[in-house]
Amino acid sequence: MTRMMYCPICAAEVRQNSMNFGCASGRSLSARLGYSLQRAVQLVAPSAQPPREVELSPYLSCPNCTVELEEYDERVRRLECPACGLRMSTEDQLELMEDKPHHPDPKEDA
Ligand SMILES: [Zn+2]
Ligand SMILES: [Zn+2]
């Protein structure tokens, strides 16, 4: 069963096509990252709240419930969503932060 998943950068829906993941704003995610986020989402309960507006997140948002995640702290190994408890690995977080400058702004017309 596939769960709804949202782009941690812009909160648009992430769609999976075989091994390829991409967010509705037009940015693709690596297969490693896509599967890793998918696993994290499957470990927590689906969100009862509607997702936030699609726009670039100040940092990163939760791929399950789109609540804004708190910035990585050196003392904590993983990001944890304050709303649904989703945990994001440091590796995923670093990959997303590297990708963020290249992510299209969904508020800008292409
Ligand atoms: Zn996105
Ligand atoms: Zn969450």
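The values are calculated or read from the model by the stated rules, or taken from the named source; none is laboratory data. Note that the structure is a prediction, hence the values are computed from the model and not measured. For neighbour counting, all protein chains shown are included, and Cβ atoms are generated from backbone atoms with ideal geometry for every residue, glycine included. Surface accessibility is based on the protein's heavy atoms, side chains included, excluding ligands, DNA and RNA. Shrake-Rupley method; radii C 1.70, N 1.55, O 1.52, S 1.80 Å.
For segment 14-102, the solvent-accessible area with a 1.4 angstrom probe is 61 square angstrom per residue. So what's the net charge close to His103: Lys and Arg +1, Asp and Glu -1, counting the other residues with Cβ under 14 Å from its Cβ? Around His103, the surrounding residues sum to -3. Just to confirm the filter: which trypsin sites (Lys or Arg not before Pro) across segment 1-54 are DSSP coil and have at most 13 other Cβ within 10 angstrom of their Cβ? Counting only loop positions with at most 13 other Cβ atoms within 10 Å, the trypsin sites (Lys or Arg not before Pro) in segment 1-54 are Arg3. Each residue of the chain gets 97 Å³ once the volume of the Cα convex hull is shared out per residue.
Modelled spin labels at Ser28 and Leu43, positioned 7 Å past Cα toward Cβ, are 2.8 nm from each other. Computed about its Cα centre, the charge dipole of the chain is approximately 540 debye, with only Lys, Arg, Asp and Glu carrying charge at their Cβ.
Short-range pairs are left out: with C-alpha atoms under 8 Å and at least six residues apart, the relative contact order of the chain is 27 percent. Can you pull the percent of segment 14-102's accessible area that's carbon plus sulfur, 1.4 Å probe, other chains left in place? The computed percentage sits at 50. Binning at 10 Å from 0, report for segment 1-61 what percent of all alpha-carbon pair distances ends up in each bin. Taking every Cα pair in segment 1-61, the percentages come to 23, 57, 20, 0. Starting from a Cα-only point model with no solvent, please compute log10 I(q)/I(0) by Debye for segment 30-69 at q = 0.28, 0.30, 0.33 1/Å. The calculated log intensity ratios at q = 0.28, 0.30, 0.33 Å⁻¹ are -1.05, -1.09, -1.11.
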